[in-house]
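Colleague: Before I ask anything, here is the structure I am working with.
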Amino acid sequence: MAGLLVATLAFFVVAVLWAAHSADKEAAVIARQQLQTSIEQRLDSMTQTLSDIAAGTNNFARPEPETDAARFADRTQGLFEALYVTTAAPGAALIRASENIDTAAFEPERLGVEQIARAAAGRIPGPPAKLVHLDDVTVAVVAALIPGRRDDPLIVIGAKRLDAAALVRFAKAPRLDGLRLETSAPADMDTAYPLTDATGAPKAWLVWDGDRPGEAMIRRFLPFSVVGAFLMFGLFVLIVHHVRRITIELSSTQERAQRMIGRDPLSGLPNRFLFGERLDQELSRIQRTGEGLAVLFLDLDRFKEVNDTYGHQAGDALIVAVAERLGELLRTPDTLARFGGDEFAIIQTQVGNMADAETLARRILDTVTRPFEIAGTSVSVGISIGVAMGPENGRDRDTLMRLADTALYQAKSEGRNRYSFFASQMDETIRLRKVVEDDLRDAILSDRLTLHYQPIYSADGESIVGAEALVRWNHPKQGMIPPSRFVALAEERGLIIPLGEWVLRRACEDGKRWPGLRIAVNVSAIQFRHRDFVTSVMRAVARTGFEPSRLELELTEGVVVEDADAAEAAMMELRALGVHLALDDFGTGYSSLIYLRRFAFDKIKIDRSFLESMEATGESAILVHSIVHLGRALGLTVTAEGVETREQHRFLQALGCHQLQGYLFSKPIPADEMDRLVGVMPASSAA
Ligand SMILES: [Mg+2]
């Protein structure tokens, strides 16, 4: 690259110099031609003058050298300093016509007069005039023919001495600045015009200050070319620097990419893939050494809150900070990985027993639960840890990772911010729980849930007065899943609203086929407290065309305890619609008389647990007795749940309990069985 630059610059410089030199040469040639032309013109002019004088003297039949020479001397007085007359014949005598200045300079032999004379007579080629330089003077020598002698023509020769100043005036031409005479050979022959003696040997030089356009061009061009060269050099340096930087960047990117393979980009920790590989290596190692290891799965609690409250950047900063703290707890052979989101995992090596893993888990809890300084504020998070031990719980990667995940799930469902070791019974329960969790939303949305109805009978057990709707989930793989298994989960996962709405709507739809029966629907506390609950009830009855007066909502005490005012307002609205309200599971909670008096319930349902234990303990019987009387005293309908025996029936009937519900009369049944029981056409054939 640098070589290329130097070569380019060198080529450029040489080209410029060559162009300048050529221009200078050409200028010198032109100047010399001008000088030559100028000299020739002056010599011509002298020759012409001499010729004119010669013609003017031709008044004689035959001019003779002696007489003419004398006359010429008069005519050319002042024009020439020496005059000679001769004939063109070789060896002819030379007659000196004028001897104004008698110096050695005018010795005809040294001036080459004979050659000029013969040239003037046309006997030899060449001009009849020339400049001859003698010792320290230049002499212009010209010759002209004197007309009148055809056979043996007479020739007149004039010589004029030119000193240096006169010579310069003589030769002067435009563009020949500083023209001067030099007697030693000049260094630059391009701007020198040689003056020779009669034999043609150079004796002196007319020298001028050559017009050097090339040099001038370079002089003018030089600053620009210097600046240009600097710019070019700068550009070159820039390009080199840039290329170098890109190269370095490329290689470092490559290096980083190499390093980041198998790494989580945010924390720089190994990712799930690399973690798996390390676990494989560690497992094969412990097979040889007989050591143990622990796989810990970690999940931050409340990470989403941090993200939502402080933004994703804060969330990222938190992840990095957690990764740092975790890293400090581990020994070199251990592996800390991030699986994404708020999930981390650890391979703890050289584990002797569970206590070692437990110690680490405790330290992790202590460390991570200390507040973090994130985005200028103190942020606290919790962490749940699931631990699986190798080789006790498993000898392969997949098993250990799955079991650690199961244990983590257990830790989270036990209330978070704790650790949990995998235990074998955990697996099945949690697996099921996960399945339920994964599929519930889909089941609600795609109508795969179903409602069963448990009829409610009059106190004599003779007639059906209503039915309680109970949701069922027939899972394609798990079979029938009871509500106790998924309703709480729906609450946890924010699915209780869609689930509740679905149940309400379906119960109203089904209930329309059973005129005169009151349909009871269980409402969870979360569902009831939702601000749109009353609206959703109104929507359900309006859409299905079900009479609100036949709808009964079963609420638990939990509904009214938390926000009594809001609950009261909602209940008033519902009652205004004509909807009935029952207090479910009465006797298990606060069972406060105040609630019963304040809130506008129509009914209380005695919890089944009282009836279950009634026969065993006399106390329960007394309580049931009291509840029935209390309800009746407040003007409420009293329903007993869980009636299973005739004795219970008789007892409750005797107490004055209004309604009965339980296996003695009917278990919960599908809607079509309900159709048969009530004596209406099943929905499918009626449609
Ligand atoms: Mg109930």
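Each reported figure results from applying straightforward, stated rules to the coordinates on display, with no laboratory input. Predicted, not measured: the structure shown is a model, and the values here were computed from it. Cβ coordinates were reconstructed from backbone atoms using ideal geometry, including for glycine residues, and neighbour counts include every protein chain displayed.
Colleague: Note the direction-averaged projected area, equal to a quarter of the hull surface, for the Cα convex hull of the stretch 213-298, in nm².
Modeller: Working: hull surface 40.5 nm².
Average projection, Cα convex hull of the stretch 213-298: 10.1 nm².
Colleague: Shifting gears a bit: Hull surface divided by four, with the convex hull built on the Cα atoms of the stretch 419-459: how many nm²?
Modeller: Numbers: hull surface 24.1 nm².
Average of the hull's projected areas for the stretch 419-459 equals 6.0 nm².
Colleague: Relative contact order of the stretch 307-375: what whole-number percent is it, with Cα pairs under 8 angstrom and at least 6 residues apart?
Modeller: Working: 45 pairs, mean separation 23.6, N = 69.
Computed over the stretch 307-375, the figure is 34 percent.
Colleague: What number do you get for the stretch 257-303 when its Cα radius of gyration is normalised by 2.2 N^0.38 Å, N = residues? The partial results should precede the final answer.
Modeller: Details: Rg = 13.6 Å, N = 47, 2.2 N^0.38 = 9.5 Å.
Its radius of gyration relative to the 2.2 N^0.38 Å reference: 1.43.
Colleague: Still on this structure, I have one more. So, how do all the Cα-to-Cα distances of the stretch 288-344 break down into 5 Å bins, in percent, from 0 on up?
Modeller: 4, 16, 25, 21, 13, 9, 6, 3, 2, 1
Colleague: May I ask what percent, to the nearest 5, of DSSP beta bridges between residues of the chain are antiparallel? Could the numbers behind the result be given before it?
Modeller: Details: 74 of 99 bridges.
Close to 75 percent.
Colleague: With only alpha-carbon pairs counted, each pair once and no self-pairs, how large is the Kirkwood hydrodynamic radius of the stretch 544-687 in angstroms?
Modeller: Values: mean 1/r = 0.0600 Å⁻¹.
Radius from the Kirkwood sum: 16.7 Å.
Colleague: Something else about it: How charged is the neighbourhood of I604? Take every other residue with its Cβ under 13 Å from the Cβ of I604, and add Lys/Arg as +1 and Asp/Glu as -1. Kindly include the intermediate steps, with their values, before the conclusion.
Modeller: Values: positive: R597, K603, K605, R632; negative: E552, E554, E557, D584, D585, D602, D607, E641.
Net local charge, I604 excluded: -4.
Colleague: Sticking with this structure for a sec: Report, to the nearest 10°, how far helix 65-75 tilts away from the longest principal axis of the Cα atoms in the chain, using its own Cα long axis and a range of 0 to 90°.
Modeller: With both axes taken from Cα atoms, the answer is about 60 degrees.
Colleague: Report, in debye and to the nearest 20, how large the dipole of the stretch 99-168 comes out about its Cα centre when Lys and Arg carry +1 and Asp and Glu carry -1 on their Cβ.
Modeller: On the way: 8 positive and 10 negative charges, 88 e Å.
In total the dipole reaches around 420 debye.
Colleague: Moving to a separate point now. Once every Cα of the stretch 333-442 carries one equal point scatterer and solvent is ignored, give the base-10 log of I(q)/I(0) from the Debye formula at q = 0.19 Å⁻¹, two decimals.
Modeller: Taking Cα atoms of the stretch 333-442 as identical point scatterers yields -1.06.
Colleague: Could you work out the percent of alpha carbon pairs in the stretch 182-257 separated by over 18 Å, rounded to a whole number?
Modeller: Values: 1956 of 2850 pairs.
The calculated P(r) of the stretch 182-257 puts 69 percent of pairs beyond 18 Å.
Colleague: Among 137-144, 461-468, 619-626, how do they line up by average Cβ neighbours within 10 Å per residue, starting with the highest?
Modeller: Numbers: 137-144: 24.4, 461-468: 18.8, 619-626: 15.9.
The most tightly packed comes first, giving 137-144, 461-468, 619-626.
Colleague: Across the stretch 133-142, in residue order, what do the Karplus-derived ³J(HN,Hα) couplings come to in whole Hz, using 6.51 cos²θ - 1.76 cosθ + 1.60 with θ = phi - 60° and x for Gly and Pro?
Modeller: 9, 9, 3, 9, 8, 10, 10, 8, 10, 10
Colleague: Moving on. What translational diffusion coefficient, in µm²/s and rounded to a whole number, does the Stokes-Einstein relation yield for the stretch 493-604 at 4 °C and a viscosity of 1.567 mPa s, taking the hydrodynamic radius as the Kirkwood radius over Cα pairs? Please list the in-between numbers first.
Modeller: Values: Rh = 14.1 Å.
This corresponds to a translational diffusion coefficient of 92 µm²/s.
Colleague: Using Cα atoms only, what is the angle between the long axis of helix 533-544 and the major principal axis of the chain, expressed in degrees (0 to 90) to the nearest 10?
Modeller: Tilt relative to the chain: about 80 degrees.
Colleague: On to the next question. Can you give the longest stretch of the chain with no exposed loop site, where a site means chymotrypsin sites (Phe, Trp or Tyr not before Pro) in a DSSP loop (not H, G, I, E or B) with at most 14 other C-beta atoms within 10 Å?
Modeller: 61-589
Colleague: From the Cα trace of the stretch 201-347, what convex hull volume per residue do you get, rounded to a whole Å³? The partial results should precede the final answer.
Modeller: Details: hull volume 38.6 nm³, N = 147.
Cα convex hull per residue, to the nearest whole number: 262 Å³.
Colleague: Need one word for the stretch 516-559: rounded, prolate or oblate. Basis is the Cα gyration tensor (sqrt eigenvalues a ≥ b ≥ c); a/c below 1.5 gives rounded, then a/b vs b/c decides.
Modeller: Details: a/c = 3.48, a/b = 1.37, b/c = 2.54.
Note, shape of the stretch 516-559 comes out oblate.
Colleague: A follow-up question, please. Give the long-range amide H neighbours of D301: residues separated by 5 or more places, or on another chain, with amide H under 5 Å away, using H modelled in the peptide plane at 1.01 Å from N.
Modeller: Those lying under 5 Å, H to H, from D301 are G382, I383, S384.
Colleague: Under the Kirkwood approximation for Rh and a Cα-based Rg, what ratio Rg/Rh is obtained for the stretch 428-577? Show your work: numbers first, answer last.
Modeller: Values: Rg = 16.0 Å, Rh = 16.3 Å.
Using only Cα positions, Rg/Rh for the stretch 428-577 is 0.98.
Colleague: Which whole-number percent gives the relative contact order of the chain, counting Cα pairs below 8 Å spaced six or more residues apart? Don't skip to the answer; put the middle values down first.
Modeller: Numbers: 1094 pairs, mean separation 50.1, N = 687.
Reported relative contact order: 7 percent.
Colleague: Restricting to lysines 8 or more places apart or on different chains, can you count the pairs in the chain with Cα atoms under 29 Å from each other?
Modeller: Going through the chain pair by pair, I get 20.
Colleague: Next up: Can you give the local net charge around V320? Use residues other than it whose beta-carbon is closer than 14 angstrom to its beta-carbon, Lys and Arg +1, Asp and Glu -1. Walk me through the numbers on the way to the answer.
Modeller: Working: positive: R263, R325, R338; negative: D264, D316, E324, E328, D342, E373.
Net charge around V320: -3.
Colleague: Still on this structure, please answer the following. Taking all pairs of different Cα atoms in the chain, averaging 1/r and flipping that mean, what Kirkwood radius in angstroms comes out?
Modeller: On the way: mean 1/r = 0.0261 Å⁻¹.
Over the chain, the inverse of the mean reciprocal pair distance is 38.2 Å.
Colleague: Sticking with this structure for a sec: Stokes-Einstein D for the stretch 451-504 at 37 °C, 0.692 mPa s, Kirkwood Rh over Cα pairs, in µm²/s?
Modeller: On the way: Rh = 12.8 Å.
It comes out at roughly 256 µm²/s.
Colleague: Right, another one. Using alpha carbons only, how many degrees (0 to 90, rounded to 10) separate the axis of helix 2-56 from the longest principal axis of the chain?
Modeller: Tilt relative to the chain: about 20 degrees.
Colleague: Now for a separate question. Once you charge only the Cβ atoms, +1 for Lys and Arg and -1 for Asp and Glu, what is the size of the charge dipole of the stretch 382-477 about its Cα centre, to the nearest 20 debye? Intermediate values should be presented prior to the final figure.
Modeller: On the way: 13 positive and 15 negative charges, 101 e Å.
Dipole size: approximately 480 debye.
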